Amino acid sequence: MEIEIAVAGEESSDVALRFFREHLANVFARVKEKYGITYDVETAVEHDRAELPKFLPPAGRMLIARAEGRAVGIGCLKLIGPRMGEVKHLFVDPAMRAHGIGRKLMEAIIAEARAMGVDTLRLDSGRFQTPAHALYRSLGFVEIPRYPENPIPESEAHILLFMELKLTAGN
């Protein structure tokens, strides 16, 4: 199966919001189950709708993975400081997992970050998302403490794993 990864623009906002909604619904259900913390999916999607320009060129990147012309995954990058980027909303359609799409999206995000002049790439993910953590570690990400640009309240930071990749010539 051929997977195509492309930088998307505003024309793909409906696709992005559909993926954001599915991703957030899945993550929020797991957070409620594991930690008893409830987040509203629609409120989060509306927040992301307002934030969408931060994922679009020139300030950020929204990458869509397609298989046979159908959108099967997404990964976003936004700037959070001088020469510092953050990976957001990496999500692959559950029916399409185990085909290397998440890795291809992350490799494309890293390449886009480098092209944008980003030196440090950060991300957060639920502590229960261990397959994602394995992927990130295989790409050189290391665990770090909560970073100040992350909007989650300190009181809820225990539910997340924070990671960072220094974009040097070796990474």
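The values are calculated or read from the model by the stated rules, or taken from the named source; none is laboratory data. This structure is a prediction, so every number in the text was calculated from the model and none was measured. So basically every Cβ, Gly included, is an ideal-geometry build from the backbone, and we count neighbours across all protein chains shown.
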Top-ranked residue of the range 127-142 - restricted to ones that are surrounded by fewer than 17 Cβ atoms within 10 Å (Cβ to Cβ) and of a type in the set (S, T, Y), ranked as modelled with the highest pLDDT
S138
Could you check, for the range 66-78, whether at least one of its residues is under 19 Å from E149 (Cβ atoms), at pLDDT 90 or above, surrounded by 12 or more Cβ atoms within 10 Å (Cβ to Cβ) and in contact with a His (Cβ under 6 Å, 6 or more places away or on another chain)?
yes
List pairs: first residue in the range 7-34 and part of a loop (DSSP other than H, G, I, E, B), second residue surrounded by fewer than 19 Cβ atoms within 10 Å (Cβ to Cβ) anywhere in the structure, Cβ distance under 8 angstrom, at least six positions apart or on different chains.
G9/P57
Scan (1) touching an Asp or Glu at 6+ places or on another chain (Cβ under 9 Å); (2) within 23 Å of P58 (Cβ to Cβ) for the single condition M163 breaks and write down its number.
(2)
Is it the case, given these coordinates, that K166 is farther than 17 Å from G9 by Cα and among the charged types (D, E, K, R)?
yes
What are the pairs, 6+ residues apart or on separate chains, where a residue within the range 143-171 that is within 17 Å of G81 (Cα to Cα) and surrounded by 13 or more Cβ atoms within 10 Å (Cβ to Cβ) has its Cβ under 9 Å from a residue that is among the polar types (S, T, N, Q) and modelled with pLDDT under 85?
L165/N171
Those residues that are among the aromatic types (F, W, Y) and either part of a helix (DSSP H, G or I) or in contact (Cβ under 8 Å) with a residue 24 or more places away in the chain (or both), I need them from the range 39-92; list them, please.
F55, F91
Restricted to the range 25-60, and to residues that are of a type in the set (V, I, T) and out of contact with any strand residue (DSSP E or B) (no Cβ under 6 Å at 6 or more places or on another chain), which residue is surrounded by the most Cβ atoms within 10 Å (Cβ to Cβ)?
V31
So R30 ticks every box in (1) over 19 Å from P131 (Cα atoms); (2) among the charged types (D, E, K, R); (3) more than 13 Å from the chain's Cα centre (by Cα); (4) modelled with pLDDT under 90 but one. Which box is left unticked?
(1)
Can you name the residue in the range 79-95 that is surrounded by 17 or more Cβ atoms within 10 Å (Cβ to Cβ), of a type in the set (A, V, I, L, M) and closer than 16 Å to H23 by Cβ and is also modelled with the highest pLDDT among such residues?
V87
Failed condition for G117, given (1) in contact with a helix residue (DSSP H, G or I) (Cβ under 7 Å, 6 or more places away or on another chain); (2) exposed (fewer than 15 other Cβ atoms within 10 Å of the Cβ); (3) not β-branched (V, I, T):
(1)
